[in-house]
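Each remark here refers to the structure printed beneath this line.
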Amino acid sequence: LPAVTSPCKILKCNSEFWAATSGSHHLGTEEAPEFCTALRAYAHCTRRTARTCRGDLAYHSAVHGIDDLMEQHNCSKDGPTSQPRLRTLPPGDSQERSDSPEICHYEKSFHKHSAAPNYTHCGLFGDPHLRTFTDTFQTCKVQGAWPLIDNNYLNVQVTNTPVLPGSTATATSKLTIIFKSFQECVDQKVYQAEMDELPAAFADGSKNGGDKHGANSLKITEKVSGQHIEIQAKYIGTTIVVRQVGRYLTFAVRMPEEVVNAVEDRDSQGLYLCLRGCPLNQQIDFQTIRSAQATEGRARRKGPSLSAPPQAFTYETATAKCREKLPVEDLYFQSCVFDLLTTGDVNFMLAAYYAFEDVKMLHSNKDKLHLYERTRDLAPGNTAPSGTSPALWVALLCLSQCWLGLL
């Protein structure tokens with residue numbers, strides 16, 4: 001699908017350079033010529049993809065990183081560019097430092113003389129479904145690029161693309177995370193993933209926070225190759241989980257409230273989805289569409305009709321499939337049914353399952369793991385759509401509750 005495949009190949013450039021120079025910062029001066037050769041190859045690769053990467057954050061980070069490394073190692077821009085095979089680190093050698101400053105461990109430094117921090121969770125998965133830091137659950141359109149998190153410590157941006165041609169069903173095809181430079185702990189780091197490309201390293205090829213004394217307070221770990229990575233940012237008490245399920249990405253984070261609300265410009269808080277939820281005009285009325293799913297066999301949203309999904313599910317077969325992994329009929333279960341009917345892709349069932357598994361790992365309140373449907377009046381940001389008469393809205397809610405009772 002050309003429309004949802006990024007022509008920017010910066011991740012390929014990054015991985016080639018990382019493979020060529022793995023552990024090279026530990027090498028002696030005699031390896032400098034080989035390191036410079038690899039840097040020139042890296043620069044050549046970025047130039048080849050410059051036109052298609054013009055607006056890509058990881059690309060610009062890589063270009064600046066190359067210039068800095070060339071200056072540090074006194075590399076000439078002219079010379080051979082064939083990538084040499086450099087020797088790797090001996091077993092057991094790593095970038096880890098056990099003597100990181102206390103400021104680089106959030107729980108030790110920020111709350112040494114006060115109560116333990118209150119952690120919150122945000123997750124995005126499927127078509128797409130959003131669980132905000134305030135445990136509001138929404139189903140949204142949000143096609144294109146949207147800020148998921150934007151505070152003083154990090155930025156997260158997602159790009160959602162159509163699942164099927166002519167469809168308003170979208171899913172996350174690209175994710176960019178920027179960890180901002182922080183005191184003596186970490187340098188600025190960029191992580192970027194996209195469909196069929198889930199790297200186990202940051203955009204510059206590193207796996208930790210750089211050359212600062214507390215570098216290991218930011219660390220990326222590959223849990224399942226090409227499918228599941230985890231990023232620990234101890235200096236801000238944050239854990240991020242990124243998965244590729246089928247062709248699309250899921251995102252989950254555990255973050256202290258203090259970090260969530262660390263925004264210099266309070267007005268800008270409304271711009272990021274994990275805190276404020278999706279804009280009202282981007283929200284999908286889950287209740288009325290679910291009623292349509294039960295009676296019509298699959299959901300049809302306002303706008304262009306959905307193309308026929310590759311594997312058609314009836315309402316009964318979709319609910320049966322979702323019960324295999326999600327026995328509790330909460331909003332994760334309902335999201336699973338919704339996605340199977342709108343896309344026909346069984347991987348969306350797995351996306352809902354893994355999203356709930358991440359909630360179990362990351363949410364601090366085990367009594368709030370499951371979310372159940374409530375009227376839109378009761379959830380922040382979930383007011384009834386404008387133009388809907390109160391009588392009609394009450395009727396829709398009554399129909400929805402009656403339908404729930406029949407189940």
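What to note about this one:
- Within region 191-219, the set of residues being assigned to a strand (DSSP E or B) and open to solvent by 10 Å² or more (accessible area, probe 1.4 Å) comprises 194, 197, 219.
- Only residues that are farther than 18 Å from residue 206 by Cα, in contact (Cβ under 8 Å) with a residue 24 or more places away in the chain and assigned to a helix (DSSP H, G or I) were counted across region 49-77, and they come to 2.
- Per-region count, region 32-44, residues in contact (Cβ under 8 Å) with a residue 12 or more places away in the chain and either out of contact with any Ser or Thr (no Cβ under 9 Å at 6 or more places or on another chain) or not assigned by the TED database to the domain that holds residue 64 (or both): 1
- Within region 183-223, being closer than 25 Å to residue 9 by Cα and of a type in the set (Val, Ile, Thr) holds for 190, 220, 221.
- No other residue among 272, 248 is touching a helix residue (DSSP H, G or I) at 6+ places or on another chain (Cβ under 8 Å) and of a type in the set (Phe, Trp, Tyr) apart from 248.
- Residues satisfying the stated conditions in region 337-346, i.e. crowded, with 20+ Cβ neighbours inside 10 Å and aliphatic (A, V, I, L, M): 337, 340, 341
- Residue that is least open to solvent (accessible area, probe 1.4 Å) [pool: residues in region 347-363 that are out of contact with any Phe, Trp or Tyr (no Cβ under 7 Å at 6 or more places or on another chain) and without any contact (Cβ under 8 Å) to a residue 60 or more places away in the chain]: 349
- Hits in region 316-336 (condition: touching a residue at least 24 places away in the same chain (Cβ under 8 Å) and either at positive phi or surrounded by fewer than 19 Cβ atoms within 10 Å (Cβ to Cβ) (or both)): 321, 324, 325, 328, 329, 330
- Flag for residue 142 being touching a strand residue (DSSP E or B) at 6+ places or on another chain (Cβ under 6 Å), modelled with pLDDT under 85 and either of a type outside the set (Lys, Arg) or assigned to a loop (DSSP other than H, G, I, E, B) (or both): yes
- Residue check for residue 184: farther than 21 Å from residue 20 by Cβ, open to solvent by 30 Å² or more (accessible area, probe 1.4 Å) and among the acidic types (Asp, Glu): yes
- Residue check: residue 48 meets all listed conditions (1) at pLDDT 80 or above; (2) open to solvent by less than 20 Å² (accessible area, probe 1.4 Å) but one, namely (2).
- Per the listing 144, 126, 166, the residue uniquely at positive phi and open to solvent by 40 Å² or more (accessible area, probe 1.4 Å) is 166.
- Any chance residue 33 is modelled with pLDDT under 80 and in a helix (DSSP H, G or I): yes
The values are calculated or read from the model by the stated rules, or taken from the named source; none is laboratory data. The model shown is predicted, which means the values in this text are computed figures rather than measured ones. With ideal geometry, Cβ positions are generated from the backbone for all residues, glycine too; neighbour counts draw on all protein chains shown. Side chains included, ligands, DNA and RNA excluded: accessible areas come from the protein's heavy atoms. Shrake-Rupley method; radii C 1.70, N 1.55, O 1.52, S 1.80 Å.
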